[in-house]
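Notes follow once the structure below has been shown.
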Amino acid sequence: MKTPLSWLNDYVDIKVNAKEFADAMTMSGSKVEGIEKHGEDIINVAVGKIIELSKHPDADKLQVSKVDVGSEVIQIVTGAQNVSVGDYIPVA
């Protein structure tokens, strides 16, 4: 069973990194099949929140969005029709 360390932290205060935790679990007799880290290879990508969305003035199939990326609000033109105000999106 895969169990996120963050989920365990909701119930137990774990003050060690994932490797140390896995070693301690192994020493207690539990089997740890592996440690997975997600997102390590993703660089120069931020998470942005769509705060405004309007139709593009010159193209029927495009939308103009204002996206808050934390440090600034940027304008992005998109062809995606499945986005709404309040959605979080990847911004590269």
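Read-outs: derived from the displayed coordinates by stated rules, not from any lab. For clarity, every value in this text was computed on a predicted model and none was experimentally measured. Note that each Cβ is placed from the backbone with ideal geometry, even for glycine, and that neighbours are counted across all protein chains shown.
Dipole size of the stretch 46-91 about its Cα centre, with +1 on Lys/Arg Cβ and -1 on Asp/Glu Cβ: approximately 80 debye, rounded to the nearest 20.
The count of lysine pairs in the chain whose Cα atoms are under 26 Å apart, excluding pairs fewer than 8 places apart on the same chain, comes to 12.
Placing R0 at 41 angstrom, the Cβ-Cβ distance between Met25 and Asp58 gives a FRET efficiency of 0.10 after rounding to 0.05.
Computed from Cα positions, the angle between helix 18-27 and the longest principal axis of the chain comes to roughly 30 degrees. With equal scatterers on the alpha carbons only and no solvent term, can you work out the Debye log10 of I(q)/I(0) for the stretch 1-55 at 0.16, 0.21 1/Å? Scattering profile of the stretch 1-55, log10 relative to I(0): -0.66, -0.91.
Around the amide H of Leu62, modelled in the peptide plane, lie the amide H atoms of His56, all under 5 Å away and 5 or more residues distant in sequence or on another chain. Think of the chain as having a plus end and a minus end, set by charges on the Cβ of Lys, Arg, Asp and Glu; of Asn44, Ser28, Ala18, Ser28 sits farthest toward the positive end of this dipole.
Using the Karplus relation 6.51 cos²θ - 1.76 cosθ + 1.60 with θ = phi - 60°, the per-residue 3J(HN,Hα) values for the stretch 51-59 come to 10, 8, 9, 9, 6, 5, x, 10, 9 Hz, with x marking Gly and Pro. As a ratio to 2.2 N^0.38 Å, the alpha-carbon radius of gyration computed for the chain takes the value 1.68.
Taking 1.306 mPa s as the viscosity and 10 °C as the temperature, the Stokes-Einstein diffusion coefficient of the stretch 46-91 based on its alpha-carbon Kirkwood radius rounds to 151 µm²/s.
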